[in-house]
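Just so it is clear, none of the values below were taken in a lab; they were calculated from the coordinates. On a predicted model such as this, the values are computed, not experimentally measured, just so you know. All Cβ positions, even for glycine, are placed from backbone atoms using ideal geometry, and neighbour counts span all protein chains on display.
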Amino acid sequence: MKVKIMFPLMAAGLMALAGCGNNAQKTDGQSSCKSVNLANLDTTVAAGADFYQYACGGWMKEHPLKPEFSRYGVFEQLMETNREQLRALVEELKAAPQEEGSVAQKIGMLYELALDSVKTNEDGFEPVKEELAAIRDLGTKAELSKMVAYLHKEGITPYFALYVGADEKNSSMNIVQLYQAGLGMGDRDYYLQNDETFSKIREAYKAYISRLFVLAGHSPEQADAAVTAVMNVENGIAKISFSREEMRDSQKNYNKMSCADFIKSNDALDWNAYFSAMGLDSIPELDAKQFAYYKKLGDFLKTVSLDDQKCYLAFNLLRAAAPYLSDNFVNANFDFYGKTMSGKQELEQRWKRALSTVNGVLGEAVGQMYVAKYFPASSKEKMLTLVGNLQKALGERINNLEWMGDSTKLKAQEKLAAFTVKIGYPDKWRDYSALEIKQDSYWANVRRSSIFEMDYMLADAGKPVDKSRWYMTPQTINAYYNPTTNEICFPAAILQPPFFDPEADDAINYGAIGVVIGHEMTHGFDDQGRNYDKEGNLTDWWTADDATRFTERANKLVAQYDNILVLDTMHANGSYTLGENIADQGGLLISHQAYLNSLQGQTPAVIDGFTGEQRFYLGYATLWAQNIRDEEIVRLTKMDPHSLGKWRVNAALKNIDAFYEAFGIKEGDAMYMQPADRVNIW
């Protein structure tokens, strides 16, 4: 994963990943190390016919989709285990007396409020009634602009979103940034495409809008008028929004200017009123990411009545609050976003939803408990060794690239050497003492926490970037690369099986966590990451010839993924997923190089009939085992920059020569691609 947002590691020796080692021998045999889980395989399918099915078919058969899931895979399986661990920790806090105002008391109180369906049902829509009335009473553009600011402070994003982060051309300093937003269905294609799938979703969305307004005390006629108003505004926003492909152009989406010039350039809002309400009336400059969007938004809103805009703001509030109100609101929200958009059949148990809220509101506090119980210090040391091995391997691959010139290689090596590596958990934990958790209502607490988070971020405006800050909690099963700080981060929760297992043989671990590490490193050099230098500044450090050669290879990869049929007539989006596809491929190539280095010329044992090379690729494929609903395939294809699990395996591996050798893939096999068509970038 990549987010828009050092100590350099010493070059590590050629060590094994874990205590289990490589079992280097030339004869078939047994091993005390964990190896390939044979039950995960589907041996009725040849590896050369469909490697994903061959490697994961057994797992998928044994883990059918449960009603509450839109997809269920290895990630979700691990998340379920994680949730049970966190539940035990939070339940323990809730059950014991805690000091008034302590973070432990806040965790327990919020969890208890989230579980209290009796209270939320008695409250009905009372928790949002006062704010709905304030929206209804808006009478001027200035008042409306202030209300947009108040909603933004609550984490709600009508029209656009405001973020404070590193200035991409002065990465040591934070700047206010504005991003297009405001679409309840998340992507403009849900509004603009007219095939049967999207037409049905739009009709369901209209029914959802109406349902929320009726639940909030409006008559059916008033709700129908609100539907027309909301759809008018959101259709207008969709038509002027940048595409997801355009949003990947870092230079196009960097538009730093004085605040005064931005205000003069468009009149979408009363900007002075908006910035004043946000507490930002003294900022000298900002980065208006999709600059053309705001001028078009201002022109469009001239055609929209104040009453229609008030309906739109009211819906934004209701939509954000619905999961935290009475059951009829929760069910309405689930029926659209869960069932219609994702294909889920059943709402998650209340304790899971409650725990997700606590995790979101007090994430690092929960993470501190998680780390204390579940993250041994030894895991961090082993990861440092592994990251060093992967850095060394990537450096070797950069030196050996035949398409890149020496001057660009030198800059690439400098960037690689400057990587900051974060493993496990932050050195300094977040302070939640100023966050109020009260007994008033579930939504009121969520609202206060959103304001608390926004104030925390707004306080950074115009200040130096804190490079020690983490953008994921330790209990998150994921990892990230951040281009503006040139850092890779691996939270504690991902450092467990099947990603990392100290008892597994090295081939499996290099295929799993090794590829994850290589994936994040490669983000520093994908189609977006390559535009940032070692300091995290958006600048061109490539020669023109090298940039051209990179783009030629990237375009071939785009074409490969564009050709994938994901469902019925829907194709994958090779441009939108390009960065993640480059990172998948790079992760495989880099980790494979590190694995070969670790062997030091020895031949690893054949275990259960699989060579070390075969175990490497099976270890990788296992991570992406999943079952998924058709609705979720559509949603992810539109909104997720990652390829679907099947194609993270099959499409990536088709480009890698060593995979062909490992499994004897030959011409005529479905997994075969002509050598001239294969793409190798990093």
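I'd like the distance separating the alpha-carbon centroids of the stretch 269-306 and the stretch 323-382, in whole Å.
Spelled out, the Cα-based centre of one part sits 33 Å from the other.
In a solvent-free Debye calculation with one equal scatterer on each Cα, what is log10 I(q)/I(0) for the stretch 125-324 at q = 0.17, 0.18 Å⁻¹, listed in the order of the q values?
Taking Cα atoms of the stretch 125-324 as identical point scatterers yields -1.20, -1.32.
Using 7 Å Cα-to-Cβ label points, what is the Glu143/Glu436 separation (nm, one decimal)?
2.5 nm
Compute the length gained on full extension between Asn194 and Asp299: take 0.36 nm times their separation in residues and subtract their Cα-Cα distance, giving the result in nm to one decimal.
Value of the extension gain: 35.3 nm.
Suppose R0 equals 41 Å; then what is the FRET efficiency for Glu552 and Gln85 from their Cβ-Cβ distance, rounded to the nearest 0.05?
Here the calculated transfer efficiency is 0.30.
Enumerate the calculated ³J(HN,Hα) couplings along the stretch 481-488 in order (Karplus 6.51 cos²θ - 1.76 cosθ + 1.60, θ = phi - 60°), each rounded to whole Hz, writing x wherever the residue is Gly or Pro.
My calculation for the stretch 481-488 gives 10, 10, x, 7, 10, 6, 10, 10 Hz in order.
Using alpha carbon centroids, what distance separates the stretch 666-682 and the stretch 75-89, in Å?
Measuring centre to centre over Cα atoms gives 39 Å.
Report, in debye and to the nearest 20, how large the dipole of the chain comes out about its Cα centre when Lys and Arg carry +1 and Asp and Glu carry -1 on their Cβ.
400 debye
Taking 20 °C and 1.002 mPa s as the conditions, I'd like the Stokes-Einstein D for the stretch 306-433 in µm²/s, using the Kirkwood hydrodynamic radius from alpha carbon pairs.
It diffuses with D of about 107 µm²/s by this estimate.
Could you put His63, His519 in order, starting from the residue whose Cβ has the fewest other Cβ atoms within 10 Å?
Ordered by Cβ neighbours within 10 Å, fewest first: His63, His519.
From the list (1) 25.2; (2) 61.0; (3) 29.6, can you say which value of mean projected area of the Cα convex hull in nm² was derived from the structure given?
Here the calculated entry is (3).
Taking the Cβ-Cβ separation of Ser243 and Glu414 as r and a Förster radius of 45 Å, what is the calculated FRET efficiency to the nearest 0.05?
Efficiency, from the Cβ-Cβ distance: 0.85.
Based on the alpha-carbon set only, what is the convex hull volume of the stretch 610-682 divided per residue, in Å³?
Here the figure is 122 Å³ per residue.
Once all Cα-Cα distances of the stretch 526-648 are split into 5 Å bins that start at 0, what whole-number percent is in each one?
Spelled out per bin, shortest first, that is 2, 9, 15, 16, 16, 14, 13, 10, 4, 1, 0.
Can you check how the C-alpha radius of gyration of the stretch 358-417 compares to 2.2 N^0.38 Å, as a plain ratio?
That ratio works out to 1.78.
List the lysines whose Cα sits under 24 Å from the Cα of Lys463, skipping any in the same chain fewer than 8 residues away.
Lys2, Lys4, Lys153, Lys169, Lys256, Lys289, Lys422, Lys428, Lys534
Using θ = phi - 60° and the Karplus form 6.51 cos²θ - 1.76 cosθ + 1.60, what ³J(HN,Hα) does each residue of the stretch 529-543 get, whole Hz, x for Gly and Pro?
Running phi through 6.51 cos²θ - 1.76 cosθ + 1.60 with θ = phi - 60° gives x, 5, 7, 10, 8, 5, 8, x, 8, 6, 7, 8, 9, 9, 6 Hz.
For the stretch 631-660 and the stretch 409-461, compute the distance between their C-alpha centroids and round to whole Å.
30 Å
With labels modelled as points extended 7 Å from the Cα through the Cβ direction, what inter-label distance (nm, one decimal) is found for Asp261 paired with Thr385?
The modelled label-to-label distance comes out at 5.4 nm.
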